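All remarks here apply to the structure that follows.
The values are calculated or read from the model by the stated rules, or taken from the named source; none is laboratory data. Not measured: the values here are computed from a predicted model. Using ideal geometry, Cβ is built from the backbone for each residue, glycine included, and neighbour counts are taken over all protein chains shown. We work out accessible area using only protein heavy atoms, side chains counted, and drop any ligands, DNA or RNA first. Shrake-Rupley method; radii C 1.70, N 1.55, O 1.52, S 1.80 Å.
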Amino acid sequence: MSDNARSGSVAVIPARGGSKRIPRKNIKPFAGKPMIAWSIEAALASGCFDRVIVSTDDEEIATVASEWGAEVPFRRPAELSDDHTGTIPVIAHAIEWFREQGEAPAAVCCLYATAPFVQPEDLRCGYQNLQGGEEIDYAFSVTSYAFPIQRALRLTPEGRVAMFQPEHFHTRSQDLEEAWHDAGQFYWGLSDAWLKRRPIFSERAVPVFLPRHRVQDIDTPEDWQRAEWLFRAWQAEQGNEEQ
């Protein structure tokens with residue numbers, strides 16, 4: 001096996017065909033393109049990857065992905081295409097396929113198909129962070145919570161309101177520790193970490209910080225509409241800055 005085969009990096013875009021809450025969401029038109037096209041274009045433009053592949057069980061998704069420049073060299077097996085399959089087994093399956101072909105990429109980036117806000121520079125930053133020191137398995141996108149999580153509320157069985165952490169009722173917001181959450185866009189990881197099923201959220205992971213206006217989960221029709229509003233506003237702002 002050549003040194004290049006051992007040291008390269010690849011992007012794997014998981015895109016199964018069975019989305020229920022938003023049917024066909026991976027290829028549904030979003031701001032003028034199939035949703036998956038935004039992720040494929042960002043990956044290709046980043047210059048980070050020797051190969052950009054899509055892992056899917058669906059022929060239509062495979063066709064659209066190929067049209068936008070991704071490779072679809074295999075079909076994902078049914079047992080890895082249901083509602084309960086996690087990200088790590090899907091990426092591990094892709095790495096195992098590469099190894100069967102005589103390739104062993106050192107780093108693999110799982111890039112979600114529903115990440116239209118992802119930018120090439122975000123992916124480059126993630127790759128740099130992954131290489132930033134010893135004992136780093138993953139680098140992934142995060143953003144900050146808009147409100148202090150220490151002042152979060154819950155509903156009681158009686159339908160009343162209670163604080164999760166009532167001891168912080170009188171604590172000023174600026175005195176509370178800032179909290180972050182997974183931005184749900186991409187996860188760089190060493191191949192060995194994926195194959196050994198090491199957890200992504202651990203002390204062996206480093207963050208790639210994203211602004212909140214470029215982060216939106218897209219799981220429901222309401223999410224989709226909000227994402228398009230944000231995306232179009234962001235694009236308009238970008239256009240104004242370039243003029």
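Tabulated data
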{"item": "Filter result for residue 232 (touching an Asp or Glu at 6+ places or on another chain (Cβ under 7 Å), surrounded by 11 or more Cβ atoms within 10 Å (Cβ to Cβ) and basic (Lys, Arg))", "result": "no"}
{"item": "So residue 177, is it surrounded by 15 or more Cβ atoms within 10 Å (Cβ to Cβ), out of contact with any strand residue (DSSP E or B) (no Cβ under 6 Å at 6 or more places or on another chain) and more than 22 Å from residue 110 (Cα to Cα)", "result": "no"}
{"item": "Number of the condition not met by residue 68 [criteria: (1) out of contact with any Asp or Glu (no Cβ under 8 Å at 6 or more places or on another chain); (2) open to solvent by 10 Å² or more (accessible area, probe 1.4 Å)]", "result": "(1)"}
{"item": "Hey, residue 74 over 12 Å from the mean Cα position of the chain (by Cα) and surrounded by 13 or more Cβ atoms within 10 Å (Cβ to Cβ) or not", "result": "yes"}
{"item": "Subset tally (residues that are open to solvent by 10 Å² or more (accessible area, probe 1.4 Å), out of contact with any Pro (no Cβ under 7 Å at 6 or more places or on another chain) and either more than 21 Å from residue 85 (Cβ to Cβ) or not small (Gly, Ala, Ser) (or both)) for segment 11-27", "result": "8"}
{"item": "Among the residues listed as 39, 81, the single one being of a type in the set (S, T, N, Q) and either under 23 Å from residue 120 (Cβ atoms) or crowded, with 21+ Cβ neighbours inside 10 Å (or both)", "result": "39"}
{"item": "Search result, residues across segment 80-107 that are closer than 11 Å to residue 195 by Cα and in contact (Cβ under 8 Å) with a residue 40 or more places away in the chain", "result": "88, 89, 90, 91, 92, 94, 95, 96"}
